[in-house]
Structure formats: C-alpha cells, structure tokens
Amino acid sequence: MRNIGILTSGGDSPGMNAAIRAVVRKAIYHDVRAWGINYGFSGLLNNDIHPLEIGDVGDIIHRGGTMLYTARCEEFKTKEGQEKAVRHLRDAGMDALVVIGGDGSFQGAQVLNDLGFPTIGVPATIDNDVPGTDFTVGFDTALNTVIEAIDKIRDTATSHERTYVIEVMGRDAGDLALWSGLADGAETILIPEQPYDMDDTVHRLVRGHKRGKKHSIIIVAEGAASGVEFGKEIQERTGFETRVTVLGHIQRGGSPTAFDRVLASRLAAHAMELLLNGKSGRLVGMLANQIVDQQIGNALQKPHHIDENMYRLSQELSI
Ligand code: ATP
C-alpha cells in the first residue's frame, strides 16, 4: 500500500473535511501517500487527482462542506465510465480508494471494488440513512442547525399565537424530522416511513389550543409531504393562523459539531486501518459506540429503518 485516493461524493455534509483530514493524516503516519480526487466520481473520470500533504488538511476540521468538492456523476453509472475510473486510478498509481458519501456513493464504491480496485466507504450524509451505522457524519450538525432554527421560530410562534409548519430535509429518511421533532417537542412529526393521519393532526392541534397552548410546531420531512400544502390544509381545517418555513440548504452547511468531528475522525481512521490490513469492499460505521465494518453489499441490502420506539415516544410526549 503506497498510494491511496480520497473522494467525497453525493450531497455534502458537515464533517466530511474532518474525515478527509483523518484519512490523510493516518495515511501519512503510516508512510502512505494520500491523493485527493476533486468532484467525486466525476473527478476520477476527468483525472482531477492531486497529492495531499499534512498541511493541505490543516485548518479544515471545523469547516463545513468538503475541500475536495462533491458532485453527482451519471457517466460513472455506466460500465464504460466505471472501467475508465479504474483505469485512471491505476494509471495514477493508486492502490486503494476511500469514498466518503451516502448510500448512492457506496453503490459506486462497491462497483470499483468488484472491478478489483480496493475501496472502502465512510458514511457521511445529513440524512442518517446509511445501513450499518447508528449515525452518519453530518447528521448531528444538521440536527442542531434544525433545532436552532425551530427554537427561533418557536419564539415568534408563541408571540403571535400561530401554528408553524417546518419542512426539513429527508426525501426517503425521516431521521432529521423525528429527532428534531422529539428534541423540540413538536405536536406532530411527518416522516416518509409512517403514514400520517390528517384527522389526528387536526385533533391534536385543536385539543392543544383548547388547553390554552400558545403555539404549535409541526415538523414535516420533505419526503412525507409538502410543507406548504400541508400548512394550507391545516389552516383551512383548524382556522388557526398557520405559517410555513422550508429550512432548505441551511441544513447542509455550517461548522460540524464535536460529535461529527469525532465520528468522522474515528470512521476515517478505521477505513485506513482496514486498507493497511489488506481489507477492502467494507463500509465502516458506528454501532452502539463501537467502530465496526461490514461488506458494502451486505450493508446496502438492509433497508434503513426509522426507530419506531422513538416515533411512538414522540407521539406519547406530544399529547
Ligand atoms: P446523499 O445521501 O447525500 O444524497 P449519495 O451518495 O446517496 O449521497 P447519490 O447522488 O445517490 O448520493 O450518489 C452519488 C454518486 O454515486 C452518483 O452521482 C453516481 O456517480 C454514484 N452512484 C450512485 N448510484 C450508483 C450505482 N448504482 N452504481 C454506480 N454508481 C452510483
């Protein structure tokens, strides 16, 4: 093992830089040269590869986004694109690759590994939807960003006695909505994994209002419903003044929390250790606070599940 490549792929997430830094430093510590590949799999196809020294990853541990940039790459989904990527990696003298990204990126990592190029995946996405890990890098930061926003909205919701619908990210996974809803005492949480009952939502709002509640907060994951449409219907059915906030991309940015920096460092260092020990085709993760790894293919076959106990708890606490 003399040279390893690192790329970030899919949606960016806070803590990707901490992961890049850990791979590079761990590699250099073990006399392995590290190379950055810009713009994910696109960079592989365009030979956008450059060496990374210790200093290149200094002063990035606290920065959001990714210093290697990221992209989505359709060409890489084709057989020709994948073979070209392996050819470019070999021509550049690479011995292995670390892919930092989400589940789509790991499909790509699996392909490279199947084509005989040793590859390891490090889960980093704000969605927390990668199987085989309790947490993905970036989720905790995004969650705290959402909480900060909801706390502010709550002030104005109380002052004006309004109902607020807040749409958060999560097309297929409701973790961000569920965790933020539980952390902020939302009346109702809509997630893609659970059907919602409009009558029940209206009932909860009216009941709270009769009890003298000054505000109501509803969290909607973008994959469960449109916040705007849902807000309209709530206002029509309850008659309560309702406002909608779509949080959008602020959820993806910002300085990573201590949790995400530590998680990123531990997962990325483990990825390097696996490669140094001749292992590949693995996805690293953290289960019950232990750093673990499993076959990428096996991990991706298991669908991501929402924590149903947590969902039930959120309903019990928002009576
Ligand atoms: P996020 O969860 O943040 O969206 P992601 O890694 O799931 O991140 P995707 O857009 O799904 O994001 O995937 C990123 C890139 O990975 C794609 O643009 C493509 O280049 C590659 N990729 C995705 N799916 C496959 C696949 N089935 N085979 C090969 N490559 C893939």
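So here's what we get for this one:
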{"quantity": "Distance in nm between pseudo-label sites at Lys213 and Val246 (7 Å out along the Cβ direction from Cα)", "calculated": "2.5"}
{"quantity": "Area of Trp179 that stays accessible when all protein chains are in place (1.4 Å probe, Å², to 10)", "calculated": "80"}
{"quantity": "Lysine pair count for the chain [Cα-Cα under 20 Å; pairs on different chains or 8 or more apart]", "calculated": "4"}
{"quantity": "FRET E, pair Glu229, Arg2, Förster distance 51 Å, beta-carbon r, rounded to 0.05", "calculated": "0.40"}
{"quantity": "Estimated distance in nm for a label pair at Ile319 and Asp155, the labels positioned 7 Å out from Cα along Cα-to-Cβ", "calculated": "3.2"}
{"quantity": "Fraction of accessible area attributable to carbon and sulfur, the chain (%, probe 1.4 Å)", "calculated": "48"}
{"quantity": "Cβ charges +1 (Lys, Arg) and -1 (Asp, Glu), total dipole of the stretch 178-265, debye", "calculated": "440"}
{"quantity": "Loop-located trypsin sites (Lys or Arg not before Pro) in the stretch 74-161 whose Cβ has at most 13 other Cβ within 10 Å (DSSP)", "calculated": "none"}
{"quantity": "FRET efficiency, Tyr196 to Lys302 (Cβ-Cβ, R0 22 Å, nearest 0.05)", "calculated": "0.30"}
{"quantity": "Dipole axis of the chain (+1 Lys, Arg; -1 Asp, Glu on Cβ), positive-most option in Met286, Asn38, Ala22", "calculated": "Ala22"}
{"quantity": "Where labels lie 7 Å past Cα in the beta-carbon direction, separation of Ile291 and Gln107 in nm", "calculated": "2.9"}
{"quantity": "Average accessible area per residue (Å²) across the stretch 98-197 - probe 1.4 Å, nucleic acids and ligands excluded", "calculated": "32"}
{"quantity": "0 to 90° range, to nearest 10: angle between helix 258-276 axis and the chain longest Cα axis", "calculated": "30"}
{"quantity": "Highest-MSF residue in the chain out of Ile217, Ile20, Ile120 [GNM, Cα springs under 10 Å]", "calculated": "Ile217"}
{"quantity": "Cα long-axis angle, helix 198-210 against the chain (0 to 90 degrees, to the nearest 10)", "calculated": "60"}
{"quantity": "Compactness relative to 2.2 N^0.38 Å, alpha carbon Rg of the chain", "calculated": "1.09"}
{"quantity": "Two-site FRET efficiency, Glu80 against Met310, from Cβ-Cβ distance with R₀ of 30 Å, rounded to 0.05", "calculated": "0.10"}
{"quantity": "Unit charges on C-beta of K, R, D, E only; dipole of the chain, Debye", "calculated": "420"}
{"quantity": "For Tyr196, solvent-accessible area (1.4 Å; no DNA, RNA or ligand), Å²", "calculated": "100"}
{"quantity": "DSSP beta bridge pairing in the chain, given as percent antiparallel to the nearest 5", "calculated": "25"}
{"quantity": "Helix axis angle, 139-160 relative to the chain longest principal axis, alpha carbon, degrees", "calculated": "20"}
{"quantity": "Simple Cβ-charge dipole of the stretch 80-181, Lys/Arg +1 and Asp/Glu -1, about Cα centre, in debye nearest 20", "calculated": "180"}
{"quantity": "D (Stokes-Einstein, µm²/s), Kirkwood Cα radius, the stretch 28-164, 1.567 mPa s at 4 °C", "calculated": "75"}
{"quantity": "Rule-of-thumb Rg ratio for the stretch 1-55 [Cα; 2.2 N^0.38 Å; N residues]", "calculated": "1.10"}
{"quantity": "Residue-averaged 222 nm ellipticity for the chain, from DSSP H runs of 4+ at -39500 (n - 2.57), nearest 500", "calculated": "-13500 deg cm²/dmol"}
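The values are calculated or read from the model by the stated rules, or taken from the named source; none is laboratory data. These numbers were taken from a predicted model, which means no experiment stands behind them. So basically every Cβ, Gly included, is an ideal-geometry build from the backbone, and we count neighbours across all protein chains shown. In case anyone asks, the SASA skips ligands and DNA or RNA and just uses the protein heavy atoms, side chains included. Shrake-Rupley method; radii C 1.70, N 1.55, O 1.52, S 1.80 Å.
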